[in-house]
Amino acid sequence: VYSKYPAMLDSEKIENIIQNEEHEKNLGYWRTFKHFFKAIDWKSGFWSMMEVWKDSFQQPASVVLVISVVVAMVPWLQALFIESPQVHLPNAPDKQPPLSFIMDFAGYIGSAQVPFGLLLLGGTIGRLKVDSIPKKLWRVPIAVMGLRLFIFPIIGCAFNSKIHADGLFYNQDILYFLSNINFCLPPATSLLYITAFYTPDDGENHIQMDLLALVYIFHYIFLVFCLPFTATYTMKVSLGF
């Protein structure tokens, strides 16, 4: 459904890539990287990204998000939904802002976002299966897992430590704790969308989705080590409890 592979590569480019694969096997890592970097059509990639942005802003969720940001940044609009210290408007008969019922409805629907998201994510992961993975491609899920669960938390904790030292967490220890924890959690849907974006929508074997299944498996196995370590470090070292 999300595949944009046919629009990015025509048949001629695919044949050239296949022909170049055998040649690249004889090159060193650095020469392979240089060859790959020069072979990228940056102009086409830029316009493809613009197409993705355009398609994204046509979705209802994106439109609502843009409208919400505009409302939150304009005090007169904000005062229609919540009590604003900058603007005073007459309240409705229930002593609430005129459009507060929309906030109640949004809060009611938003509370169901997490369980519904987990159900959709679980159903999607449950459909993934690993058929056959070439030996060298096992490095891909291991590298993605290591970067996301071991390297990224180090960068995130160092970044949050600087923010905490500057007082931008406003002495809210729970906010500091949650910010550190977010840096070590596996990505829920971003990897799924990115992988499907570059997966051909025809053919029987989708090696990309098999790799994605392995990535999810590795993520949730090694989360047993990453999450307790990050939580303990934040509580004992960063917050001093």
Which residues, taken from region 103-130, are open to solvent by less than 70 Å² (accessible area, probe 1.4 Å) and closer than 24 Å to ILE82 by Cα? ALA106, GLY107, GLY110, ALA112
Find all pairs meeting these conditions: Cβ atoms under 6 angstrom apart; at least six residues apart or on different chains; first residue within region 60-83 and within 18 Å of PHE105 (Cα to Cα); second residue of a type in the set (Ser, Thr, Tyr) and at pLDDT below 85. GLN78/SER84
Residue hits (region 226-240; hydroxyl-bearing (Ser, Thr, Tyr) and open to solvent by 30 Å² or more (accessible area, probe 1.4 Å)) are THR232, TYR233, SER238
Among (1) in contact with a Pro (Cβ under 7 Å, 6 or more places away or on another chain); (2) modelled with pLDDT of 80 or more, the one test that PRO90 misses: (1)
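Please specify each residue of region 186-220 satisfying the condition of being of a type in the set (A, V, I, L, M) and open to solvent by less than 60 Å² (accessible area, probe 1.4 Å). Write out each step before concluding.
Residues of region 186-220 that are of a type in the set (A, V, I, L, M), as a first pass: 188, 191-192, 194, 196, 207, 209, 211-215, 217.
If the condition is that a residue be of a type in the set (A, V, I, L, M) and open to solvent by less than 60 Å² (accessible area, probe 1.4 Å), then ALA188, LEU191, LEU192, ALA196, ILE207, MET209, LEU211, LEU212, ALA213, LEU214, VAL215 are the ones that fit.
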For region 71-101, which positions are part of a helix (DSSP H, G or I) and open to solvent by 70 Å² or more (accessible area, probe 1.4 Å)? MET73, TRP76, PHE101
Among the residues that make up region 60-71, is at least one of them more than 30 Å from PHE197 (Cβ to Cβ) and of a type in the set (A, V, I, L, M, F, W, C)? yes
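Give ILE133, ILE181, ILE154 a once-over and let me know the one that is surrounded by 11 or more Cβ atoms within 10 Å (Cβ to Cβ), touching a residue at least 12 places away in the same chain (Cβ under 8 Å), more than 26 Å from PHE116 (Cα to Cα) and not small (Gly, Ala, Ser). Talk me through it step by step, then tell me what you get.
Numbers: ILE181 fails: more than 26 Å from PHE116 (Cα to Cα); ILE154 fails: touching a residue at least 12 places away in the same chain (Cβ under 8 Å).
When all the criteria are applied, what remains is ILE133.
Would you check which residues across region 193-225 are over 19 Å from PHE150 (Cα atoms) and in a helix (DSSP H, G or I) and list them?
Step one: list which residues in region 193-225 are over 19 Å from PHE150 (Cα atoms), which gives 193-211, 213.
Of everything in region 193-225, those that are over 19 Å from PHE150 (Cα atoms) and in a helix (DSSP H, G or I) turn out to be TYR193, ILE194, THR195, ALA196, PHE197, ILE207, GLN208, MET209, ASP210, LEU211, ALA213.
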Would you check which residues across region 153-201 are in contact with a Phe, Trp or Tyr (Cβ under 9 Å, 6 or more places away or on another chain) and of a type in the set (Asp, Glu) and list them? ASP173, ASP201
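The values are calculated or read from the model by the stated rules, or taken from the named source; none is laboratory data. Everything numeric in this text was worked out from a predicted model, so none of it was measured. For neighbour counting, all protein chains shown are included, and Cβ atoms are generated from backbone atoms with ideal geometry for every residue, glycine included. Quick note on the areas: whole protein, heavy atoms, side chains included, nothing else; ligands and nucleic acids left out. Shrake-Rupley method; radii C 1.70, N 1.55, O 1.52, S 1.80 Å.
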